[in-house]
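J.: Questions regarding the structure given below will be posed in turn.
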Amino acid sequence: MEQFVVSARKYRPQTFKDVVGQQAITNTLLNAIDSNHLASALLFTGPRGVGKTTCARILARKINQPGYDDPNEDFAFNVFELDAASNNSVDDIRNLIDQVRIPPQTGQYKVYIIDEVHMLSANAFNAFLKTLEEPPKHAIFILATTEKHKIIPTILSRCQIFDFKRITVKDAKDHLAEVAKSQGVEYEDDALHIIAQKADGAMRDALSIFDRVVSYCGNNLTRQAVTENLNVLDYETYINVTDLILENKIPELLLAYNEILSKGFDGHHFISGLASHFRDLLVSMNPATLSLLEVGEAAQKLYGQQSQRATQEFLLQGINSANDCDLKYKVSQNQRLLVELTLMQLASITLDGEKKKADFIIPPTFYRNGYSIVEVQQSETQKPQREEADVQKAETQKAEVVQPTQHSTSTTQHPALGTPSAVEGQKTLNGNGQPKVSAMSLASIRAKKEMVEAHRSAVKEVVHLPSEVFTETEMLEQWLKYAQRMEDKGFRIIASLLTINDPILNGTTIVHEMPNESSRIDFEKERPELLGYLRGKLHNHDITIEVKVNETLVAKKAFTAQDKYNRLAELNPNLELMRNLFGLDINE
């Protein structure tokens with residue numbers, strides 16, 4: 001039986017032309033070799049599986065014999081690979097330095113490839129500095145790492161750095177298609193696309209996943225088989241879920257989510273994928289951003305059809321809601337309920353053509369400021385009327401200043417003539433029967449203030465505060481909820497004072513007992529907030545809270561010797577006989 005060779009090794013690139021997705025770096029290295037501008041120390045950095053070590057080996061073979069590029073000749077005697085993960089001590093670097101001094105037996109250069117160079121110790125880095133800066137003419141160092149930030153700056157400054165990028169989904173899919181053709185494997189375009197997405201920019205991971213899927217599916221790769229084997233949620237699942245959201249089918253939506261969970265998928269993964277799906281629908285709306293959609297051709301058509309049914313406002317709100325659920329998922333006590341609530345909110349965005357909004361929302365500081373629902377609603381209702389009345393009033397006052405009436409002209413004289421400009425206490429009425437004053441006098445300011453106060457008192461007179469009947473059980477329930485909220489916020493002292501005794505309801509007065517005076521003082525600081533909360537939850541503004549202190553003050557005094565003797569004599573009457581018998585006295 002012939003030994004199986006994994007695709008990652010079997011299809012490892014042997015020339016720079018075979019390297020996938022790193023054309024900028026391979027072209028730079030080829031030009032450096034042709035122009036003899038190759039540095040003596042190179043640093044290849046980037047994610048895993050993007051071709052760092054492969055490019056180092058190709059470069060080592062390429063520079064040893066110009067004009068000779070035989071893939072079968074690897075110049076093994078001239079290439080030295082060191083794994084810094086297991087050889088990271090100073091002694092290992094010293095052995096390497098000793099080998100650097102010996103010139104190559106064949107070829108022109110000795111190439112030292114140090115993989116995972118960030119694993120070297122600090123002392124090993126320092127021992128390597130001098131040789132790295134001034135190596136022999138026949139030595140070239142190629143350092144490879146996935147974590148450049150862990151390398152000390154003195155090493156970085158001595159190297160020519162090449163940043164390898166993640167391989168795009170399109171490049172990975174094209175390379176997988178070539179591998180599949182060479183192996184005689186039939187495939188669907190979406191199947192290879194899912195494998196490329198799962199690899200997350202690493203070509204080695206993509207080939208490993210490809211071998212695994214081929215072992216499962218045989219020589220026919222289908223999208224359904226690949227999703228089952230990789231246990232991923234494909235775009236078809238999200239399209240069906242989005243259709244239910246757009247059609248406002250909440251029961252079917254919850255059943256679909258339950259089916260997803262029953263297949264072993266994580267709710268966190270599902271909600272983050274739903275946000276990405278909304279993003280893909282958003283970029284599908286505009287042909288200019290269609291290139292940002294990294295899916296197959298069949299999927300692009302489905303995305304285009306669904307994007308026509310959704311509005312931009314819906315997708316933006318959907319992304320915001322899904323991201324909010326994603327952030328809260330790990331800290332939620334009931335994660336399934338959190339996702340289900342998010343799905344129901346998404347399905348309600350387009351309900352009746354628009355998202356339902358409450359006409360009035362009680363602010364957090366509603367009861368703290370002493371206002372009621374009726375006052376706010378009436379003030380909002382009367383606001384346009386007041387504004388219109390103010391405008392009419394301003395126009396009337398302006399006309400009176402510019403063109404005085406005949407009555408005011410006949411009664412107004414210059415003060416020098418001895419006649420006052422207006423009779424004190426006399427008020428001229430306008431057409432509406434309201435007092436008419438000048439807008440430029442102190443009297444007008446006072447009159448305006450009086451009208452505002454009268455208006456406020458008139459509004460407050462018609463206010464009817466809620467006073468619904470409630471039971472002691474309902475009061476205790478809201479009381480304990482408030483105590484739990486204080487506990488969750490970290491105010492444990494207040495929470496303990498609230499739960500130290502059960503409050504007693506007496507009509508609309510809640511009586512709560514405190515063990516001592518200091519506890520009462522602490523409770524008084526929180527009473528306004530508690531009172532507003534209970535009034536709002538129980539819909540009764542007649543509620544009051546009475547605090548009682550059950551601490552009894554007992555006068556304490558020091559016992560005298562006579563008091564102590566009297567107490568002992570009560571306990572033992574023979575003590576008095578003994579005192580009389582011996583003639584003892586009680587000393588103070």
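J.: Mind ranking 332-343, 202-213 by how tightly packed they are, going by the mean number of other C-beta atoms within 10 angstrom, highest first?
T.: 202-213, 332-343
J.: Still on this structure, I have one more. For the range 488-560, what % of the accessible area comes from carbon and sulfur atoms, probe 1.4 Å?
T.: Carbon plus sulfur share of accessible area: 52 percent.
J.: Continuing with the same structure: With θ set to phi - 60° and the Karplus curve 6.51 cos²θ - 1.76 cosθ + 1.60, what are the ³J(HN,Hα) couplings of the range 9-15 in order, to the nearest whole Hz, using x for Gly and Pro?
T.: Result, ordered by residue: 8, 5, 10, 5, x, 10, 9 Hz.
J.: Tell me, how many Å apart are the Cα centres for the range 180-233 and for the range 79-126?
T.: Computed from Cα coordinates, the inter-centre distance equals 38 Å.
J.: Compare the peptides 170-178, 156-164, 55-63 by average per-residue count of other Cβ atoms within 10 angstrom and give them in order, highest first.
T.: On the way: 170-178: 19.0, 156-164: 16.3, 55-63: 22.3.
The most tightly packed comes first, giving 55-63, 170-178, 156-164.
J.: Using modelled backbone amide H atoms (1.01 Å from N, in-plane), which distant-in-sequence or interchain residues come within less than 5 Å of Lys110's amide H?
T.: Those qualifying (amide H under 5 Å, at least 5 residues apart or on another chain) are Ala139, Ile140.
J.: Related question: Residues of the range 135-166 with backbone nitrogen within less than 20 Å of a virtual label 7 Å along the Cα-to-Cβ line of Gln105, please, listed as ranges.
T.: Answer for the range 135-166: 138-140.
J.: Could you compute the net charge surrounding Ile113? Neighbours are other residues with a C-beta less than 10 Å from the C-beta of Ile113; K and R count +1, D and E count -1.
T.: Spelling it out: positives minus negatives among the neighbours equals -1.
J.: Hey, can you grab everything whose amide H is under 5 Å from the amide H of Ile545? Only 5+ residues off in sequence or another chain; H modelled, so Pro and N-termini drop out.
T.: Ile510
J.: So, one more: At 1.4 Å probe radius, can you tell me the per residue accessible area of the range 249-358 in Å²?
T.: 58 Å²
J.: State which entries of Lys489/Lys548; Lys62/Lys110; Lys481/Lys548; Lys481/Lys537; Lys52/Lys165; Lys110/Lys137 exceed 18 angstrom in Cα-Cα distance in the structure shown.
T.: On the way: Lys489/Lys548 26 Å; Lys62/Lys110 12 Å; Lys481/Lys548 22 Å; Lys481/Lys537 11 Å; Lys52/Lys165 10 Å; Lys110/Lys137 9 Å.
Pairs exceeding 18 Å: Lys489/Lys548; Lys481/Lys548.
J.: Calculate the FRET efficiency for Leu230 and Ser348 from the Cβ-Cβ distance with a Förster distance of 25 Å, rounded to the nearest 0.05.
T.: 0.15
J.: Next question. Residues with amide H under 5 Å of Leu43's amide H, sequence separation 5 or more or different chain, H placed in the peptide plane at 1.01 Å from N; which?
T.: Residues meeting the amide H criterion: Leu143, Gln160, Ile161, Phe162.
J.: Carbon and sulfur together cover what percent of the accessible area of the range 108-267 at a 1.4 Å probe radius?
T.: Ligands and nucleic acids excluded, carbon and sulfur reach 47 percent.
J.: Further question: Can you work out the accessible area per residue across the range 117-222, with the rest of the protein chains kept in place, probe 1.4 Å, in square angstrom?
T.: Per-residue value: 48 Å².
J.: Pop out the ³J(HN,Hα) list for the range 478-491 in order, Karplus 6.51 cos²θ - 1.76 cosθ + 1.60 with θ = phi - 60°, rounded to Hz; leave Gly and Pro as x.
T.: The phi angles translate into 5, 4, 5, 5, 5, 5, 5, 5, 5, 5, 5, 7, x, 8 Hz.
J.: Restricting to Cα pairs below 8 Å that are 6+ residues apart, what does the relative contact order work out to for the range 68-195? Please round to a whole percent.
T.: In percent, rounded to a whole number, it is 23.
The values are calculated or read from the model by the stated rules, or taken from the named source; none is laboratory data. Nothing here was measured: the structure is a model prediction, and the numbers come from that model. Virtual Cβ from ideal backbone geometry, glycine too; neighbours counted across all protein chains shown. Accessible surface areas use protein heavy atoms only, side chains included; no ligands, DNA or RNA. Shrake-Rupley method; radii C 1.70, N 1.55, O 1.52, S 1.80 Å.
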